[in-house]
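K.L.:
Take this structure first; my questions come after.
The values are calculated or read from the model by the stated rules, or taken from the named source; none is laboratory data. Only a predicted model underlies this, so the values are computations on that prediction, with no experimental measurement involved. Cβ atoms come from the backbone with ideal geometry, glycine included; neighbour counts cover every protein chain shown.
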Amino acid sequence: MPTFALPARRRDRGSKATRLTRTLGLTGAAAAALALPVVGATSAFAAPSAAPSAATEQVTLQTQGTTLDSWIRQSLTIMAQRGIPGSYDGIYRNVMRESSGNPKAINLWDSNARAGIPSKGLLQVIDPTFRTYHVTGTAFDPYDPVANITAACNYAAARYGSIDNVNSAY
């Protein structure tokens, strides 16, 4: 099983960041400082999709590969087909900040976690946001790397115009 290293040094200060870094170092998981809040779509680029039902169920593509590079490339292909903007660099930068590339990352310490909805996966999406912005054709699982990336990019497109415009926890 691959190991995921945390950044050697964190720029921001504060006791929460220090505790989080120590906790993550001990547990081996990385997590975001903040999760994605649920916000209605504000852009024509990204229309939220409903949870799959028996009447509207579509073929779900299998996530291919075991590397961050393969997950980002597969996500970009799906995003291009659905008109969701974003670039490799924008996704990579945000993944590294949010989870250090760990698709099983979970944040168990912030206000969302205390409310029972921890952020999960590569781009640290909370379940309500994942359900709202899930992209049809990807797995309905926030820990699936491609589903997590595409849902987060769909949300970022609706909220910020593109994942490329996100430069801090969102």
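K.L.:
Looking at the structure I just gave you, is Pro48 modelled with pLDDT of 95 or more and either closer than 22 Å to Arg159 by Cα or assigned to a loop (DSSP other than H, G, I, E, B) (or both)? It would help to see each step written out before you state the result.
P.N.:
On the way: modelled with pLDDT of 95 or more: no; either closer than 22 Å to Arg159 by Cα or assigned to a loop (DSSP other than H, G, I, E, B) (or both): yes.
So Pro48 fails the test.
K.L.:
Sticking with this one: Being modelled with pLDDT under 50, under 15 Å from Asn148 (Cα atoms) and touching a Ser or Thr at 6+ places or on another chain (Cβ under 7 Å) is true for just one of Ala105, Ala35. Which residue is that?
P.N.:
Values: Ala105 fails: modelled with pLDDT under 50.
Residue meeting the stated conditions: Ala35.
K.L.:
Limited to segment 116-136, what total is found for residues that are in contact (Cβ under 8 Å) with a residue 60 or more places away in the chain and in contact with a Pro (Cβ under 6 Å, 6 or more places away or on another chain)?
P.N.:
Within segment 116-136, the first condition is being in contact (Cβ under 8 Å) with a residue 60 or more places away in the chain, and the residues that meet it are 117-119, 123-126, 128-129, 131-136.
Still in the list and also in contact with a Pro (Cβ under 6 Å, 6 or more places away or on another chain): 125, 132-133.
Count: 3.
K.L.:
Could you identify the single residue in Gly116, Gly86 that is surrounded by 19 or more Cβ atoms within 10 Å (Cβ to Cβ), small (Gly, Ala, Ser) and at pLDDT 95 or above? Spell out how you get there, then give the answer.
P.N.:
Details: Gly116 fails: surrounded by 19 or more Cβ atoms within 10 Å (Cβ to Cβ).
Testing whether each residue is surrounded by 19 or more Cβ atoms within 10 Å (Cβ to Cβ), small (Gly, Ala, Ser) and at pLDDT 95 or above leaves just Gly86.
K.L.:
Quick one: in segment 58-83, which of the residues that are of a type in the set (A, V, I, L, M) and farther than 16 Å from Pro145 by Cβ is nearest to the chain's Cα centre (by Cα)?
P.N.:
Going residue by residue through segment 58-83, those that are of a type in the set (A, V, I, L, M) are 59, 61, 68, 72, 76, 78-80.
Among the residues that remain, those that are also farther than 16 Å from Pro145 by Cβ are: 59, 80.
Working: Val59: 22, Ala80: 17 Å.
For segment 58-83, the residue satisfying everything is Ala80.
K.L.:
Has segment 91-109 got any residue that is surrounded by fewer than 24 Cβ atoms within 10 Å (Cβ to Cβ), among the acidic types (Asp, Glu) and either out of contact with any Gly (no Cβ under 6 Å at 6 or more places or on another chain) or closer than 22 Å to Leu61 by Cβ (or both)?
P.N.:
No, the conditions are met nowhere in segment 91-109.
K.L.:
Now, a different point. Return the pairs, sorted by first residue and then second, in which the second residue is surrounded by 24 or more Cβ atoms within 10 Å (Cβ to Cβ) and of a type in the set (Phe, Trp, Tyr), the first residue lies in segment 137-156 and is farther than 14 Å from Leu68 by Cβ and touching a residue at least 12 places away in the same chain (Cβ under 8 Å), the beta carbons are less than 6 Å apart, and the residues are 6+ apart or on different chains.
P.N.:
If the second residue must be surrounded by 24 or more Cβ atoms within 10 Å (Cβ to Cβ) and of a type in the set (Phe, Trp, Tyr), the pairs left are Pro142/Phe130; Ala151/Phe130; Ala151/Tyr133; Asn154/Tyr133; Tyr155/Tyr133.
K.L.:
Still on this structure: Suppose we keep only residues that are in a loop (DSSP other than H, G, I, E, B) and more than 18 Å from Leu61 (Cβ to Cβ) within segment 124-139. Which one would you say is nearest to the chain's Cα centre (by Cα)? Can you show your working first?
P.N.:
So in segment 124-139, the residues in a loop (DSSP other than H, G, I, E, B) come out as 124, 126, 134-139.
Filter again for more than 18 Å from Leu61 (Cβ to Cβ), leaving 124, 126.
Values: Gln124: 4, Ile126: 9 Å.
Selected residue: Gln124.
K.L.:
If Ala157 passes every condition in (1) in a loop (DSSP other than H, G, I, E, B); (2) over 12 Å from the mean Cα position of the chain (by Cα); (3) of a type in the set (A, V, I, L, M, F, W, C) but one, which one does it miss?
P.N.:
(1)
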